[in-house]
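Step one of this worksheet: look at the structure below.
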Amino acid sequence: MSEQPDIAPLIELLGKTNRVTVLTGAGISAESGIPTFRGEDGLWRNYRAEELATPSAFSQDPKLVWEFYDWRRGIIASKETNPGHIVLAGWEKIFPEFYLITQNIDGFHFKAGSKNIVELHGNIWKLRCTEEGTITENHDSPLKEIPPHCPSCGALLRPHVVWFGESLFPSIIQQAYTLSAQCEVMFVIGTSAFVQPAASLPLRAVEMGAKVVEINIAPTPLTPYADFSLMGKSGEILPKIDKNLKREA
Ligand code: BV8
């Protein structure tokens with residue numbers, strides 16, 4: 001692991017912190033083998049996710065978009081959570097108020113045991129009827145029918161995710177802003193901090209006086225606002241923080 005800055009000041013801060021909010025992005029699942037959005041492995045049949053994760057792509061070619069999601073579901077189904085997910089699940093029992101906001105749709109925070117999760121962009125294992133709006137869990141990999149249709153009304157089903165150009169569900173983004181404004185410490189882990197409105201959540205935390213801890217393998221537009229910028233893999237850094245936290249407890 002690359003030489004880490006001393007985390008003693010962070011451990012001391014966390015030792016007297018009750019309210020922690022975490023924002024994760026695709027980077028926390030990278031060590032599980034799930035391609036990130038903007039990394040070199042983020043392509044599928046030479047399409048970028050931004051080209052396919054849109055309402056217009058779906059209305060033009062629902063079969064192509066579903067082949068893209070079926071491919072991603074297959075990758076996710078074949079992978080496991082990593083120590084970064086596991087540590088965050090454990091922190092629900094360590095901090096009196098702990099909330100996890102994720103941009104990821106892979107469901108890995110649930111799989112790792114986290115309970116208090118805000119899924120900003122939905123979940124790849126949920127399908128939504130384009131007519132009735134009903135949402136169902138479906139873990140078939142591969143999907144039995146591409147594109148899938150609603151069993152009750154026959155309309156097309158879509159992934160229950162937020163596409164580029166679509167607004168986030170108001171109650172969800174409102175909850176995310178509240179949790180960002182209320183926390184004493186906000187961890188921002190594995191996100192390029194490009195996608196809005198998620199990328200503005202840590203700035204809300206800064207506005208309200210929270211300390212921000214960024215964990216990433218590279219600097220991001222958020223780095224200048226971070227009180228602690230830990231460069232390295234989240235699957236290595238989070239267990240290190242966790243071990244020191246427990247030693248101090
Ligand atoms: C909206 C679900 C209102 C689908 C996703 C304001 C300014 C500029 C643009 C906009 C704006 N407002 C709206 C926009 C447009 C757009 C946007 O933000 N575009 C970006 C590209 C600039 N936003 C929207 O459309 C949003 N809607 O705002 O509604 C509206 C409506 C109409 C018109 C205007 C406004 C909706 C955004 C939601 C899109 N859906 N996902 C799907 O997944 O298929 S977002 C998608 O990107 C994923 O959820 C992903 O999580 C997310 C963010 O990416 P990251 O998670 O950061 O992943 P990335 O690959 O980029 O980075 C990985 C990071 O991990 C890197 O930093 C890397 O260094 C690091 N890393 C890698 N390995 C590790 C690691 N770190 C630690 N350890 C490691 N091992």
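Among the residues of this structure, Thr54 does not count as one that is under 19 Å from the mean Cα position of the chain (by Cα) and within 28 Å of Val206 (Cβ to Cβ). Can you find even one residue in region 104-112 that is within 22 Å of Glu80 (Cβ to Cβ), surrounded by fewer than 18 Cβ atoms within 10 Å (Cβ to Cβ) and in the same structural domain as Leu64 (by TED's automatic domain parsing)? No, region 104-112 contains no residue that is within 22 Å of Glu80 (Cβ to Cβ), surrounded by fewer than 18 Cβ atoms within 10 Å (Cβ to Cβ) and in the same structural domain as Leu64 (by TED's automatic domain parsing).
To keep it simple, each residue is scored yes or no on (1) among the β-branched types (Val, Ile, Thr); (2) at positive phi; (3) more than 10 Å from the ligand (Cβ to nearest atom).
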| residue | (1), (2), (3) |
| --- | --- |
| Ile7 | yes, no, yes |
| Val20 | yes, no, yes |
| Leu23 | no, no, no |
| Ile28 | yes, no, no |
| Phe37 | no, no, no |
| Glu51 | no, no, yes |
| Ser56 | no, no, yes |
| Ser78 | no, no, yes |
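The helices (runs of 4 or more DSSP H) found wholly in region 54-108 and carrying at least 3 residues that are touching a residue at least 24 places away in the same chain (Cβ under 8 Å) and within 18 Å of Ile215 (Cα to Cα) occupy 83-94.
Being more than 19 Å from Glu80 (Cα to Cα) and open to solvent by 20 Å² or more (accessible area, probe 1.4 Å) is a property that His139 lacks.
Per-residue answers, yes or no, for (1) closer than 17 Å to Gly190 by Cα; (2) in contact with a His (Cβ under 6 Å, 6 or more places away or on another chain); (3) open to solvent by 30 Å² or more (accessible area, probe 1.4 Å):
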{"residue": "Thr24", "(1), (2), (3)": "yes, no, no"}
{"residue": "Trp44", "(1), (2), (3)": "no, no, no"}
{"residue": "Arg48", "(1), (2), (3)": "no, no, yes"}
{"residue": "Tyr69", "(1), (2), (3)": "no, no, no"}
{"residue": "Ser78", "(1), (2), (3)": "no, no, yes"}
{"residue": "Asn82", "(1), (2), (3)": "yes, no, no"}
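Of all residue pairs spaced 6 or more apart or on separate chains, those with beta-carbon atoms under 6 Å, a first member in region 162-178 that is in contact (Cβ under 8 Å) with a residue 24 or more places away in the chain and a second member that is more than 13 Å from the ligand (Cβ to nearest atom) and part of a helix (DSSP H, G or I) are Tyr177/Arg204.
Answer with yes or no whether Val188 is in the same structural domain as Leu23 (by TED's automatic domain parsing) and in contact with a strand residue (DSSP E or B) (Cβ under 6 Å, 6 or more places away or on another chain). Considered against the rule, which asks whether it is in the same structural domain as Leu23 (by TED's automatic domain parsing) and in contact with a strand residue (DSSP E or B) (Cβ under 6 Å, 6 or more places away or on another chain), Val188 comes out as yes. In region 181-220, which residue that is within 10 Å of the ligand (Cβ to nearest atom), surrounded by fewer than 21 Cβ atoms within 10 Å (Cβ to Cβ) and not polar (S, T, N, Q) is nearest to Pro96 (Cα to Cα)? In this case the residue turns out to be Ala199. For region 134-148, taking the residues that are assigned to a loop (DSSP other than H, G, I, E, B) and polar (S, T, N, Q), the one that is farthest from the chain's Cα centre (by Cα) is identified as Thr134. The residues of region 58-71 that are farther than 19 Å from Gly165 by Cβ and either among the charged types (D, E, K, R) or near the ligand (Cβ under 10 Å from one of its atoms) (or both), listed by number, are Lys63, Glu67, Asp70. Against the criterion of being under 18 Å from the mean Cα position of the chain (by Cα) and either open to solvent by 50 Å² or more (accessible area, probe 1.4 Å) or near the ligand (Cβ under 10 Å from one of its atoms) (or both), Ser171 qualifies.
Within region 209-232, is there a residue that is more than 25 Å from Ala30 (Cβ to Cβ) and under 18 Å from the mean Cα position of the chain (by Cα)? Scanning region 209-232 turns up no residue that is more than 25 Å from Ala30 (Cβ to Cβ) and under 18 Å from the mean Cα position of the chain (by Cα).
The values are calculated or read from the model by the stated rules, or taken from the named source; none is laboratory data. Computed from a predicted model, the values in this text were never measured in an experiment. Ideal geometry is used to build each Cβ from the backbone, glycine not excepted, and the neighbour counts take in all protein chains shown. All accessible areas refer to the heavy atoms of the entire protein, side chains included, with ligands and DNA or RNA removed. Shrake-Rupley method; radii C 1.70, N 1.55, O 1.52, S 1.80 Å.
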